[in-house]
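As structure tokens, the structure follows; a few thoughts come after it.
Every number here is computed from the coordinates shown, using simple stated rules; none is lab data. Given the structure is predicted, the values throughout are model-derived calculations rather than measurements. Here the Cβ positions follow ideal geometry from the backbone for every residue, glycine too, while neighbour counts run over all protein chains shown.
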Amino acid sequence: MNLQEKIEDLRKRTMSDLRAVADEKTLNNLRTVMLGKKGELTEILKGMKDLTNEERPVIGALANAFRDEFGVKFEAKKVEIEEALMNAALESETLDVTLPGDVQKKGSRHILTQTQEEIEEIFLGMGYEIVDGYEVETDHYNFERMNLPKDHPARDMQDTFYITNEVLLRTHTSPMQARTMDAHDFSKGGLRMIAPGRVYRRDTDDATHSHQFHQIEGLVVDKNITMADLKGTLDLVMKKMFGQDRELRWRPSYFPFTEPSVEVDISCFKCGGKGCNVCKHTGWIEILGAGMVHPNVLEMSGLDASVYSGFAFGLGQERIAMLRYGINDIRGFYQGDVRFLEQFGK
Ligand code: FA5
């Protein structure tokens, strides 16, 4: 067989092999066998050097034509195989749109977070700033700057976890009163802030007490702030939280850092004040502690208490959420039981 016949023979075999190919792997193999380093056509081309000058262009043209034809048919076959694969996949993967879908469980923010955000919204709307505090506090800010010097008997009401004699887990958000007053430039105007956050006490856990819970501190300091401002502010906030027909009751109380101090009750939203299990048959529910900032607290922040006055309040976030949603055990907030939490998913 001369070279011309060899090429013609190879062409016929190859084209017939190509027609028979049905998958990509065989197709690629065929190309290697043909055009690879040791491929059949490559071998034939290597023999070109032994040809005469007359034969060489003829054989070269033949070989090139064959290689071109192979290239075109190879690509066409490749497309054909890919289309066949795609059609087979489409047929086997029919989609039944009537089948029920996978239900994706959607989480939600914790009910305490939601409560906090709702309260923040109300105060932001009244021009308050929101400040963050430190859960690890100093005795200085947690007690002394709140007018509770060492050995003050009222410290017993808020025992806590001590890290050193001077560093502790804060028992309330009130230290943020002193911290924000210290940082505020009163020459530019008054101060209005709320400070939400976690607090700690050496309390025994029960249905209404936890050794860690959340408070929201509020503080307004300016010239001519009176108790009427405190009253008007809390009235508005509590009505927004609990409904327009709620009434507030103000009882004298004692906090070392406010004078006068009050405890504020809200008329029971369940019975409207007639008496029920939620309000322990009194018609009222205690909701927060508040008062006019004690002059000593103002003076310790360098303010002249004959010029500046202010009000402050501290409310328990858990208590608000419990009252609003009829939750009867505070421990539910911290146990992470999805059955409890998902009731409040928004
Ligand atoms: C205070 O902590 C004062 N700092 C509040 C205050 C601020 C008064 C500014 C005046 C001016 P009291 O100890 O009452 O006050 O706590 C405030 C609220 O925290 C309570 O009404 C209650 O809702 C909540 N609270 C107190 N102890 C616990 C506890 N162990 N578990 C859950 N909530 C608690």
Once both label points are put 7 Å beyond Cα along the C-beta direction, the Glu43-Val307 separation in nm becomes 10.6 nm
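Starting from the alpha-carbon convex hull of the chain, give the projected area averaged over all orientations, in nm².
On the way: hull surface 143.1 nm².
That works out to 35.8 nm², a quarter of the Cα hull's surface.
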Length gained, Asp185-Lys6, 0.36 nm per residue minus C-alpha separation, equals 54.6 nm
The alpha-carbon center of the stretch 226-255 and that of the stretch 25-103 are separated, in whole Å, by 85 Å
Once both label points are put 7 Å beyond Cα along the C-beta direction, the Met86-Asn53 separation in nm becomes 5.3 nm
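Quote to one decimal, in nm, the extra length available between Gln212 and Asn328 on full extension: 0.36 nm per residue of separation minus the C-alpha distance between them.
Length gained, Gln212 through Asn328: 40.0 nm.
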So, with points 7 Å from each Cα along the Cβ direction, the Asn29-Lys274 label distance in nm works out to 9.0 nm
Nearest 10, in degrees from 0 to 90: the angle of helix 3-20 to the longest Cα principal axis of the chain is 40 degrees
Correct response: the longest run of the chain lacking exposed GluC sites (Glu not before Pro), defined by DSSP loop and at most 15 other Cβ within 10 Å, is 248-346
For the stretch 1-147 the translational diffusion coefficient, Stokes-Einstein from a Kirkwood Rh over Cα pairs at 25 °C and viscosity 0.890 mPa s, in µm²/s, is roughly 105 µm²/s
Between Met157 and Lys106, the FRET efficiency computed from the C-beta separation at R0 = 41 Å comes out, to the nearest 0.05, as 0.45
Answer check: the stretch 97-205, Cα atoms, Kirkwood Rh, Rg/Rh ratio of 1.18
With +1 on the Cβ of every Lys and Arg and -1 on the Cβ of every Asp and Glu, the dipole magnitude of the chain about its Cα centre, in debye rounded to the nearest 20, is 400 debye
